[in-house]
1. Within 10 Å of each candidate Cβ there may be at most 13 other Cβ atoms; applying that plus a DSSP loop requirement, which trypsin sites (Lys or Arg not before Pro) in segment 181-288 survive?
2. May I have the extent of the alpha carbons of the chain along their three principal axes, as whole Å values ordered from largest to smallest?
3. Can you list residues from other chains, or at least 5 along the same chain, whose modelled amide H is less than 5 Å from the amide H of TYR352?
4. Taking the 0 to 90 degree range and rounding to the nearest ten, how far is the long axis of helix 84-95 tilted relative to the main principal axis of the chain, both from C-alpha atoms?
5. With axes computed from alpha carbons, what is the tilt in degrees of helix 99-119 against the longest principal axis of the chain, rounded to the nearest 10 within 0 to 90?
6. With θ taken as phi - 60° and the coefficients 6.51, -1.76 and 1.60, list the Karplus ³J(HN,Hα) couplings across segment 193-198 in order, rounded to whole Hz; mark glycine and proline as x.
7. Which is farthest toward the positive dipole end of the chain among ALA91, VAL205, SER401, measuring Cα position about the Cα centre, with Cβ charges +1 (Lys, Arg) and -1 (Asp, Glu)?
8. Mind listing the long-range amide H neighbours of GLY361? Cut-off is under 5 Å, sequence gap 5 or more, other chains count too, H placed in the peptide plane at 1.01 Å from N.
Amino acid sequence: MNDKYPDLNLYVDGRWVRGNGESRRAVVNPADDSILGELQYASRNDLDRAIEGAERGFSEWRTVAPAKRADILLTAARILRQRKDEIARLAALEEGQPFEEAKSYVLRAAEIIEWDANEARRLYGRVVPSESGLRMMVLREPIGPVAAFTPWNAPVFTPCRKIGSALGAGCSLIMKGAEETPASTAAVVQCFVEAGLPDGALNLVYGDPGEISSYLIASPTIRLVTFTGSVSVGKRLAEQAARHMKPSVMELGGHAPVIVCEDADAVAAAQKLAYVKYRNAGQACLSPTRFWVHDRVHDAFLDRFVAEVSKIKVGPAFEAGVSMGPVANSRRLAAIEGLVIDAVAHGARVAYGGNRIGNGGCFFEPTVLVDVPDQARIMSEEPFGPVAIINRFNELEPTVSRANGLPYGLAGYVFTRSAATAELLARQLECGTIGINHLTVSTSGIPFGGIKDSGFGREGGIEGIESYTIAKTVSHLM
């Protein structure tokens, strides 16, 4: 066990408690396969207490004035900023993300909370003009206790997205964090505890994902389900929520297309894309993955992209100069290896990387594949790892069709100097979020989410906060 790693507990109805479930799991450092600690799963009794706590917590929290709720959230964000090094260290240990990069994710999470805290004060209703003596109003009210499920690839940022919006709207939460990264998520929850949340307003549990999701979603107390993760799991949870007539917010997988047009600044585009593509070892649902580069600029783009990728230093999270860590677990490592081998077997060429690094930990080279045929699995399966796919094109229309040809529709990226081309592709690409000449598409103040199999509902922006509310119509004859 790592002596610098904290004890792992659940947070249930205002108390940190050890799970009472029969099962447990080891938490593994993906950089060296060492055991960081042991996580005891929640029992049914733990879940029942969390449900009861969330119900009581909602009754109290919903009555707190929006200005006071904002003060508590802003205090939590301030504590999060103060502890950025400590929390980033935990995320780096659990996920392998380079320490400085992990710290930037903590600061982004604080920004999200701050924005939600202030925007939630403006959840306005409206008065609808009507006949004399009749007042018709639309009120925004919190929907109720929420079951939230968060992934391992962003164990600080993603929980804060859900916590900030839900608490800002006046809801309570039961959050099931990722079992692979429990300590960093628990450290986030502790910031809210110390900020002054009432007992039960925020609960944190860990355990068997299928058992916990089924149990929480079926509970009459839970009024909304929010999930970030894979398409397959998201569909299962959405089906369970629909069975119990509960709305859900699903932020699911992607396979983001990138179109670099003939008039683009190919060198600048390559530099930006090479930097963003390998952040968090490519383990992000909005990560650019399927690149189509116009034939006229393809060679210049590829040369600069590979040159930038060759500068990436891969290693443990705390080693000086490291800009990419391991992938998060052995499952991802095996999946990425399999996709690369399959692509090469179908005729793809490896322009850089392509191999596992060493025999210990979960390190994989930042990889560039070119001339990848559509028949290769990686063209239709999200790699969720440090692999970029670069193909050339000549005609825009069939390229857009290829970009839209998958059931995914989360993020997309366009590089062009033409306003007309930018407008055309912004309309034609089937994505919930599109970045033109830049790649910052998920930040405070703007909604983020997908279409098709990439989910529904939005996180971030006023749309994200409104997801946790209902519109109540009050018609008053005076």
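1. When the trypsin sites (Lys or Arg not before Pro) of segment 181-288 are filtered for loop state and at most 13 Cβ neighbours within 10 Å, nothing remains.
2. 71, 64, 40
3. VAL368
4. Result, in degrees: 60.
5. Long axis of 99-119 versus the principal axis of the chain: about 40 degrees.
6. Rounded to whole hertz, the list is 4, 5, 6, x, 5, x.
7. VAL205
8. Here ASP33 satisfy the definition.
Values quoted throughout were computed directly from the atomic coordinates according to the rules given, and no laboratory measurement underlies them. This is a predicted model, so every value here is computed, not measured. When we count neighbours, we look across all protein chains shown, and the Cβ atoms used for this are built from the backbone with ideal geometry, even at glycine.
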